[in-house]
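The structure appears below as C-alpha cells.
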Amino acid sequence: MEPEDFDSEDKEMLSWDINDMKLPQNVKKTDWFQEWPDSYEKHIYSSEDRNAQRHLSSWAMRNTNNHNSRILKKSCLGVVVCSRDCSAEEGRKIYLRPAICDKARQKQQRKRCPNCDGPLKLIPCRGHGGFPITNFGKHDRRFIFLQSKGEHDHPKPETKLEAEARRTMKKVHTASASVPLKLKESPEAKIKHTLPR
DNA sequence: AGTTGCGGGTTAA
DNA sequence: TTAACCCGCAACT
C-alpha cells in the first residue's frame, strides 16, 4: 500500500520534463502505448512502438507549430456533439471525432447529427488553463517521450478507427443508393459528343 | 478526401 | 519570450 520509496532511478523516470536537455536513458521498462493520455501524464515508449512513432492519440489532436523541430506539439480539438443533445439506443450520446484538417472540420460542422439530423456543435477543449490540452512528443535515441498538459474537460470522441468506419459506412450507403455502377456513357457516346459540328 | 508533419509568419500577454 | 493559432506545402493513406 505504500508506493513511495523510489530509488534515484525511479525518481529520474518520473521527474523528467520534455524540455530537459537530457532525458532519462537508463529506462528499465517502457510504457505500453496509451491511447487516451490525460491529466498531465508522462510516458516513455520504445522507439519501436508504431503508435508512439506517429504520436497517435485517440483524442482528436492537431499538429501545432511550436517552432521547435525536436519536439512535436499537438493540441486538442475537443469533440463534436449534437446540439439537440439527442440520445441513441440505450441513452448513448453522439460524440463525433472532430476532423483534424481545418477545411474538413468546417465542412463537418455543416453536417447533421447522424442520429437525429439536428445541427452539430463543436465543443472545444479548455482543459489547460482555458486552452486546449497540449501533447508534446520527443524522439530521443531509443525512446519516445510523451508529455500531456491539461485535463480534458469534455467527453472522448470516436477513435480514429471508429470515425474511419463511419465514413466508409456512409460511402457504401450512398453508393448503393445511387445509379447502378457504370451505366453512364459508352465510348461511342463520348465520341458523339466530341464530333465536329 | 483526410491525416500528419513541417515551418514561415502573426498576435497578444 | 512564450504560447496559441493561421496558412500552405508535401508525403502518405
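The values are calculated or read from the model by the stated rules, or taken from the named source; none is laboratory data. Treat the numbers as computed from the prediction; the structure is a model and nothing was measured. When we count neighbours, we look across all protein chains shown, and the Cβ atoms used for this are built from the backbone with ideal geometry, even at glycine.
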With the requirement that a residue be assigned to a loop (DSSP other than H, G, I, E, B) and touching a Pro at 6+ places or on another chain (Cβ under 8 Å), what does region A:131-153 give you?
A:P132, A:G150
If you go through region A:43-66, how many residues are surrounded by 16 or more Cβ atoms within 10 Å (Cβ to Cβ), modelled with pLDDT under 85 and more than 10 Å from DNA strand B (Cβ to nearest atom)?
1
Search region A:67-82 for residues being over 18 Å from the mean Cα position of the chain (by Cα) and of a type in the set (S, T, N, Q), and hand back the single one that is surrounded by the fewest Cβ atoms within 10 Å (Cβ to Cβ).
A:S69
Conditions (1) in a loop (DSSP other than H, G, I, E, B); (2) touching a residue at least 40 places away in the same chain (Cβ under 8 Å); (3) not small (G, A, S) -> A:C116 fails only (2)
Conditions first: (1) within 15 Å of A:K160 (Cβ to Cβ); (2) within 10 Å of DNA strand B (Cβ to nearest atom); (3) outside any loop (DSSP other than H, G, I, E, B). A:V80 passes all but one, so which condition is the exception?
(2)
Candidate set from region A:92-147 (those that are small (G, A, S) and within 12 Å of DNA strand C (Cβ to nearest atom)); member that is nearest to the chain's Cα centre (by Cα):
A:A104
Could you check region A:123-149 and list, in sequence order, the residues that are surrounded by fewer than 18 Cβ atoms within 10 Å (Cβ to Cβ), touching a residue at least 24 places away in the same chain (Cβ under 8 Å) and over 20 Å from A:N65 (Cβ atoms)?
A:I123, A:R126, A:D140, A:R141, A:R142
Please enumerate the residues belonging to region A:142-163 that are of a type outside the set (S, T, N, Q) and closer than 17 Å to A:N19 by Cβ.
A:F143, A:I144, A:F145, A:L146, A:K149, A:G150
So, in region A:38-95, exactly how many residues are among the hydrophobic types (A, V, I, L, M, F, W, C), free of Cβ contacts under 8 Å to residues at least 60 places away in the same chain and closer than 17 Å to A:C125 by Cβ?
1
Taking the criterion of being touching a Leu at 6+ places or on another chain (Cβ under 6 Å), in a strand (DSSP E or B), within 16 Å of DNA strand C (Cβ to nearest atom) and not aromatic (F, W, Y), would at least one residue in region A:65-76 satisfy it?
no
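Residues checked against (1) surrounded by 15 or more Cβ atoms within 10 Å (Cβ to Cβ); (2) on the phi > 0 side of the Ramachandran plot; (3) hydroxyl-bearing (S, T, Y); (4) part of a loop (DSSP other than H, G, I, E, B):
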position	(1), (2), (3), (4)
A:R84	yes, no, no, yes
A:E90	no, yes, no, no
A:K93	no, no, no, yes
A:A104	no, no, no, no
What is the number of the single condition among (1) within 15 Å of DNA strand B (Cβ to nearest atom); (2) modelled with pLDDT of 95 or more; (3) not in a strand (DSSP E or B) that A:L122 does not meet?
(3)
From A:K170, A:K190, A:K149, grab the single residue that is at pLDDT below 85 and away from DNA strand B (no atom under 16 Å from the Cβ).
A:K190
